[in-house]
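Take a look at the structure set out below.
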Amino acid sequence: MAGAGQPANPIPAMTVYLPLEHPAVVISPYFLAQYPVDLTVATKIMTLGENDFTVKDVNGTIIFRIKSKLMSLHDRRKLLDAAGTVLVSMQQKLMTAHRRWLAYRGDSKDSKDLLFTVRKSSFLQMRTELDVFLAGNEKEEVPDFKIKGSFSESSCVIYLGNTNKIIAQMYRGHSMATFLFDTDDFRVTIYPNVDYAFIISLVVILDEINADRSGQD
């Protein structure tokens, strides 16, 4: 059980997956688990970016919060732990053909604190496909991670680089509760040895890009 002021650890998912041989750490090794993690993101039906919201494990324990900065020139999102500490700030880069997003450590916007960049794999797409480049990958010739969405934008799979090694999956959950309370659930399964704070950041950026494609943003 987490102590006062300490972030909570999510409980294990029910499904068993083999861990990565080498841990995928981007934000912090604190957010690595040796077991698969299931997290749920719930928000009002519009887009994730237009609402502050929480990320919970299967027991309903708050693991993360997302804060949005609205009515500003730059789309900006912040990932916070349950105690309110800013872990990563995500900002859309304007005037780019590939809808590029930049993610910085903490509340920074300084280039030295850049963690990763996300951009569309190609300008014209039938379904969303994104390339993720870590800060050290300056040439951006081969992505460190790849996100492939479904045609309906109801699910996505996150891969390690250009391989077929899955590290996380996301899908939208629809139930009577989400219909009655006008909410939209994102269910995310993060595989063992994968930074789950990093994965949640990618899901937020993916939703923003999908919202832009559908004219909601």
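The values are calculated or read from the model by the stated rules, or taken from the named source; none is laboratory data. Bear in mind that the values here come from a model prediction, so they are computed numbers and not experimental data. Quick note on the areas: whole protein, heavy atoms, side chains included, nothing else; ligands and nucleic acids left out. Shrake-Rupley method; radii C 1.70, N 1.55, O 1.52, S 1.80 Å.
Around Gly161, which amide H atoms from residues at least 5 apart in sequence, or from another chain, sit under 5 Å from its own amide H, with H modelled in the peptide plane?
Here Phe145, Lys146 satisfy the definition.
Roll a 1.4 Å probe over the protein heavy atoms and report the accessible area of Glu141 in Å², nearest 10.
140
What list of ³J(HN,Hα) couplings, whole Hz, do you get for the range 135-140 from phi and the Karplus terms 6.51, -1.76, 1.60, once you set θ to phi - 60° and write x for glycine and proline?
So the J values, rounded to whole Hz, are 4, x, 8, 6, 6, 6.
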